[in-house]
Amino acid sequence: MPKGSPELTEARREEIINACEKLYQTMSFKEITIKEIGNVTSFTRTSIYNYFQTKEEIFMALLKREYELWIDSLKEKMEQAETMTKDEFADMMAHSLEARGQLLKIMSMNHYDMETGSRPEHLAAFKVVYGESIQTVMAGLNKYFPDMAVSEKQDFIYTFFPFMFGIYPYTYVTEKQRTAMEEANVNYVFMTIYEITFNCVKGLLNK
């Protein structure tokens, strides 16, 4: 266990997570190592192991933080609006994810590796926040669409949350991928995070 006050422990955890986030802007998940993360912190690399045993645990903590930020943004919007139309709800959901590109990237690229490479307590802490995100979206459905059947709300949740895993790879296409699809004559429609999310939410609400 790390020594020091709870405030110092949390500050160092955040510094490690921030270092990982910084590297992830220019490096891939596979390229990032504990050593690389340690090189951009203010304390020794071996000290990282007092807080996280693997890089997967660090990424899990980063993903957890991204979910918390997403939840906060949804709650803020829902506190401000007493009513929403289907279009307005879809717009809120689309804008909320448009601002969380990093959340979508980590989800789609490395989620399985993070879960398998994290200790149970780290995974459980993440699952609590993940569960809260589901509850937050369900609270929005309950608030703005009270006439929606329970089964329809459950279908929304069970469709939308798995759908989120595919948003990033569908909307962030490399030139190599784009060229390959053109050469293969694939009729691919490029969409933004906002567009694909808005269309999905609107479609689910209109079922």
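Worth pointing out:
- Over all orientations, segment 76-200 has a Cα convex hull whose mean projected area works out to 9.6 square nanometres.
- Once the Cα-Cα distance is subtracted from the 0.36 nm per residue extended length, the GLN25 to LYS176 segment shows a gain of 52.4 nm.
- 222 nm mean residue ellipticity, helices alone, for the chain (DSSP H n ≥ 4; -39,500 (n - 2.57); rounded to 500): -23000 deg cm²/dmol
- Helix 150-164 vs. the chain, principal-axis angle (Cα, 0 to 90°, nearest 10): 50 degrees
- Electrostatic bookkeeping for THR116 treats Lys and Arg as +1 and Asp and Glu as -1; over the other residues with beta carbon under 12 Å from its beta carbon, the sum is -3.
- Debye, to nearest 20: dipole size of the chain, +1 on Lys, Arg Cβ, -1 on Asp, Glu Cβ: 540 debye
- Neighbours of GLU88, meaning other residues whose beta-carbon lies under 11 angstrom from its beta-carbon, give a summed charge of +1 when Lys and Arg score +1 and Asp and Glu score -1.
- Value of relative contact order over the chain, rounded to a whole percent, pairs C-alpha under 8 Å and six or more apart: 24 percent
- Ranked by how many other beta carbons lie within 10 Å on average, peptides 20-32, 91-103 from highest: 91-103, 20-32
- HN-Hα J in Hz across segment 69-85 - Karplus 6.51, -1.76, 1.60, θ = phi - 60°, x for Gly and Pro: 5, 5, 4, 4, 5, 5, 4, 4, 5, 6, 6, 7, 10, 6, 9, 8, 7
- Most positive-pole-ward Cα, TYR51, GLY203, TYR144, against dipole of the chain from beta carbon charges: TYR51
- Cα-based convex hull, segment 1-51, per residue volume (Å³, whole number): 68 Å³
- Spatially proximal aspartates and glutamates relative to LYS35 (Cα-Cα < 16 Å; intrachain offsets below 8 disregarded): GLU15, GLU21, GLU56, GLU57
- Electrostatic bookkeeping for GLU56 treats Lys and Arg as +1 and Asp and Glu as -1; over the other residues with beta carbon under 10 Å from its beta carbon, the sum is -1.
No value in this document is a laboratory result; all are computed from the given coordinates. All values reported here derive from a predicted model rather than from experimental measurement. A quick note on method: Cβ atoms are made from the backbone with ideal geometry, for glycine too, and the neighbour counts reach across all protein chains shown.
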